[in-house]
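Since the structure comes first, as structure tokens, the remarks are kept for the end.
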């Protein structure tokens, strides 16, 4: 198992290097930071603009390979450069990443666990009322864009707050004014602000994974080894969990990992709607400002998240089914 994990880690490090390099190349090739300086009022002199671009490593007259080499050398040291308004990218990236992870982790865990459970229940109780209602609800959620779902949840939360006379749900912001910015301090207030955006992300994940898990389990239930286990006198519950459900968790884990990329896109919209100042919001603002270093750093962080999810999925699959280690 250790050798398998080391091989996967080495492969993912190579993929991370490639993804981060391509991210910087696309950002440096498509964005034009000079326009950000030229649009300022009053407009700085051209000599000042050229000096600032050179100092920030964003001089378009310098070959792309040279700019990439300087950026990569800084990344190895933990320095992602500076933004177009001369702030350290690494500090801002750390703060934004904490905000996004605080939102993303509970939503992903809840979405995956509940999606697998509901999909398994739907397959075992196929064509019953609960399964039919679950199918209709999943299709409705999947057909609803993330920003529409977020707006509907905000509207519903406001009606609930008004009916009970208490601010049970907070529809905007990471935490209320006056609350501490730490995670442990003011935990109740943060949870109140977390519920709606996390639910927006989790609902889509639950709908997606429940349909996938249901389909896989329906294919596994009539398999020969499951029927053989039942014929040997194995309890139905044990046969379903060990011989039917367990093998289907391997492709589900892989599928969850590959959904990390689209999930980051959906998180961007969710952060904008609910006023969370995470990486998604920062990415949109940085692209609008032609901030090459910020966009490249966000792309590097996103690659780390996606490849980490894939690595965890590979390890989980190998733990469930030893044949996956080959």
Discussion item. Please compute the contact order of the range 55-156 in relative form: average sequence separation of alpha-carbon pairs under 8 Å and at least six residues apart, divided by the residue count, as a percent.
Written reply: 12 percent
Worksheet item: Helix 279-288: angle to the longest alpha-carbon principal axis of the chain, degrees 0 to 90, nearest 10?
Response: 40 degrees
Discussion item. Could you work out how much longer the chain between residue 70 and residue 163 gets when fully extended? Use 0.36 nm per residue separation minus the Cα distance between them, nm to one decimal.
Written reply: 27.7 nm
Practice prompt. Just the Kirkwood number for the chain, please: inverse of mean 1/r across all distinct Cα pairs, in Å, one decimal.
Written response: 22.7 Å
Discussion item. Starting from the Kirkwood Rh over alpha-carbon pairs, what translational D in µm² s⁻¹ does the range 102-288 have by Stokes-Einstein at 10 °C and 1.306 mPa s?
Written reply: 86 µm²/s
Discussion item. Of the candidates 244, 35, 260, which one comes out as most mobile in a Gaussian network treatment of the chain with C-alpha springs shorter than 10 Å?
Written reply: 35
Discussion item. So for the range 102-288, averaging the separation of alpha carbon pairs under 8 Å that are six or more residues apart and normalising by length, what relative contact order in percent results?
Written reply: 31 percent
Practice prompt. Quick one: compute the contact order of the chain, relative version, from alpha carbon pairs under 8 angstrom and 6+ residues apart, as a percent.
Written response: 29 percent
Worksheet, complete the sentence: Quick calc of log₁₀ I(q)/I(0), the range 203-293, Debye, one scatterer on every Cα, no solvent, q values 0.10, 0.13 1/Å, result -0.46, -0.61
Worksheet item: Arranged by the count of other C-beta atoms within 10 angstrom, fewest first, what order do 49, 206 take?
Response: 49, 206
Fill in: At 0.692 mPa s and 37 °C, Stokes diffusion of the range 8-161 via Kirkwood alpha-carbon radius, µm² per second
159 µm²/s
Discussion item. Treating only the Cα positions of the range 42-105 as identical point scatterers, give the base-10 log of I(q)/I(0) from the Debye formula at each q in 0.11 Å⁻¹.
Written reply: -0.36
Discussion item. Pick from 258, 24, 41 the residue whose mean-square fluctuation is largest in a GNM of the chain, springs joining Cα atoms under 10 Å.
Written reply: 41
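Values in this text are rule-based calculations from the coordinates and carry no lab data. Since we're looking at a predicted model, the values are computed, not measured. FYI the Cβ positions are ideal-geometry reconstructions off the backbone, even for glycines, and counts take in every protein chain you see.
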